[in-house]
1. Suppose we filter M652, M636 for residues that are more than 18 Å from R720 (Cα to Cα), in a strand (DSSP E or B), in contact with a strand residue (DSSP E or B) (Cβ under 6 Å, 6 or more places away or on another chain) and not basic (K, R); which single one remains?
2. Under 7 Å between Cβ atoms, which residue pairs at least 6 apart in sequence (or on different chains) link something in the range 280-301 that is assigned by TED's automatic domain parsing to the domain that holds C480 with a partner that is acidic (D, E)?
3. Out of curiosity, is T187 farther than 22 Å from T32 by Cβ and within 30 Å of the chain's Cα centre (by Cα)?
4. Name the helices (runs of 4 or more DSSP H) wholly inside the range 310-428 in which the number of residues that are closer than 30 Å to G740 by Cβ and of a type in the set (S, T, N, Q) is 1 or more.
5. For N693, all conditions in the list (1) modelled with pLDDT of 95 or more; (2) over 19 Å from the mean Cα position of the chain (by Cα); (3) on the phi < 0 side of the Ramachandran plot; (4) surrounded by fewer than 18 Cβ atoms within 10 Å (Cβ to Cβ) hold save one; what is the number of the exception?
6. Mind listing whichever residues of the range 787-801 are farther than 18 Å from G735 by Cβ and outside any helix (DSSP H, G or I)?
7. Suppose we filter the range 481-505 for residues that are assigned to a loop (DSSP other than H, G, I, E, B) and either closer than 12 Å to G284 by Cα or not assigned by TED's automatic domain parsing to the domain that holds G338 (or both); how many remain?
8. Hey, any hits in the range 130-143 for a residue that's of a type in the set (K, R) and modelled with pLDDT of 95 or more?
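The values are calculated or read from the model by the stated rules, or taken from the named source; none is laboratory data. Values in this document were obtained by computation on a predicted structure and should not be read as measured data. Neighbour counts run over all protein chains shown; Cβ positions are idealised from the backbone, glycine included.
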Amino acid sequence: MRGLTHLVSALLAAVSYIQPGLAQTPYTDAKTGIKFSTWSQGSGYTFGVALPEDALTKSATEYIGILRCTAGWCGLSHGESGQMTQALLLVAWPYKDQVVTSFRYATGYNLPEVYSGNAKLTQISSSVNGSTFEVIYRCENCFSWNHEGATGSVSTNEGFLVLGYAQAKAAPTNPSCPDSVFGQHSTFGQYGAEINNTVNKDYTKWAALATKTSNGACGGTTTTTTTSPTGPSTTSSVPGPTVTCVAPSRDTYDYIVVGAGAGGIPIADRLSDAGKSVLLIEKGPPSSGRYDGTMKPQWLDGTNLTRFDVPGLCNQIWVDSDGVSCKDTDQMAGCVLGGGTAVNAGLWWRPNPADWDENFPPGWHSRDVAPAESRAFARIPGTDNPSLDGVLYQHEGFDVLSNGFKQAGWKEVKANQQPTAKNHTYGRTNYMFDHGERGGPMATYLQTALKRPNFGLYVNTIVKRVVRDGAHASAVELECNGNGGYVGKVNLTPKTGRVILAAGTFGSAKLLLRSGIGPADQLAIVANSSDGPTMVSKDQWINLPVGSNLVDHLNTDVYVTHPDVVFYDFYAAWTDPNPNDKEKYMKNRTGIFTQSAPNIGPMFWDEIKTSDGKVRQLQYTSRVEGEDKTGTNKTMIMSQYLGRGSTSRGRMAITPQLTTVVAEHPYLRTEGDKEAVLKSLDNLRAALTPVKNLTWALPLANQTTANYVDSLVVSAAARRSNHWMGTAKMGLDDGRVKNGTAVVDVNTKVYGTDNIFVVDASIFPGMSTGNPSAMIVAASEYAAERLLKLTTAAAKRNVEVLS
């Protein structure tokens, strides 16, 4: 479930499997004699490289490349794992008889900006023949980059690089101009490249052939950057739409909740239901048609449905994230009303009690949270049978795997009725859907909240910082983020008002840092950024480990093929839906569109007790896709998520541009985590290998599990599940004290403050069993219960550091 449309947002969007070996072929250019090692894709993409003679002993700063494509444009990433974000990108396209090139850089999932660093490309030769073009070039300062203070690099002296590629059929909008806007890719991926055979003693002679420095023209006009109300910046000589911003109300609020997702919506509803005045602020635009959302395919015109309401369109974020994904993080996150619950696949799991008991401190164990969890599931029961006619559609792949598990002695379960049955079990997928549409917090909690006069909602509004004097917050500062957004300051009820950050694992952590709460080195970055002049003074900084303890489900994909599997093209359904399927959905809320793309199921679970004595939980999500790795659309991918019990942790950081990045990935940093991954994959292979006509594609049948796993790149771009947690960890060990690890206490209050709280996945100390949306909603329900009991006087206790 990967990938992005109107812009190149997913130029090299992370895929969970890095192809360890595209065919590597030697190639000598007949005209110049330059000898390349090349890698090719069947889609009409070839990239080759030649390196200086000493590149394996002294990391090179440059290379000679060849890029040959049959496309409207194509490109490559020089990043550490071939990723799109936080890496130097090179894009090329044909224009008349020349090839235009452009260095780009993306801080998030939006159109990459023109790169501001000192990379230099000089062409040796270029040619255009119909839709096929080729450029041979020298790329200087291309293995390290600095884009407005955001840096990175790769080294050639290890003899191996991970490269990313992308290409699209459509040409850029202004192909003569290297700064042109260009559209979404049609093919993309990442691959490992051995470079031991790419060095050559003649490199200096070949490099001297690079003499062409001209690179297209932008028509003699001055290009300007304009921002649309909900989309990323686009370069154009035509003014963009006018954005109207609004001054906030002069009202004060008992609670200001920042972020309208799984954490923010339920707690805002519960607090307003208790009679508190509540303002809920969402940085993105409306999503669902219930709230005047407008993003939709043409076939939904004339209805109150949008892309977010129809389950079968959920994968569209991976091919069109314009105006949907967050632009200030290097990971995929939903910045629309509903947050992740508006854009994800809608999986809805009742937590295993062990998820609370093993991860959370006393006061948050399963017996404590049980009533709140029951309230959450009373509001959002979920379903494993979303079509209103009771039929599970396109179940061929489900049947192949389920029959294999049954024969292997695994047990079929109703997962939400048996939340502890998570070892050698399988079952149908549970969704937050209702009446054939996306349900979740937006369809329930937000509906009731909006009926109350003491509840307000702002959209298209960024909270820049919490305004505070020492331990006490008095207001939040707002920035307009689109049409109808708010700019200015909105105040809390004097003395008793509270701020709740619910902007997600990256968003809440970023807001804490911008408010002067976090590690000193990170706060120094904020102080030296555009925030510096208005940032809280250094003597009021609160030193807490914000950004540490980052955790995610480690994703390891395996692929099988079987002749009975039937593929359904959900992406094609955006523009050209099957008429029968469209009619079923529109008239009766039945059919394949009531189920999440890309045809998910079965789900299955395994537990592994490792040598360190811990039990680690693994959940698998199977789906019908993956033809790009196997050559057949009769492919099923099974994504293994390493969850509860994992001990690897990473770290989030902030950049001088105030974007958040995964500075250290949280994957396979401990032996126990790797042991669990390997043993569980062995269990899976043992269960399914006897299935008649089933073929293992990745790993190959004769490949060991260890060899396969070792071939996969371990990075945030390559192995993420986008179930990020932990950057504002809950705990009893105050993070201001030596060796303390917690950012918030059991009341979700930020240590060192008396009225700033965090309620979202960032407070989770460890990983859940499965997709976390339901657990976050339950946590929000429970946090509301605790906050309503927490008096102002009690909240002021323990603000000072206790020795």
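1. On inspection, the qualifying residue turns out to be M636.
2. Final answer for the pair search is P286/D292; S288/D309; G289/D309.
3. Yes, satisfied.
4. Answer list for the range 310-428: 353-359, 366-379.
5. (3)
6. Result: L790, T791.
7. 6
8. yes
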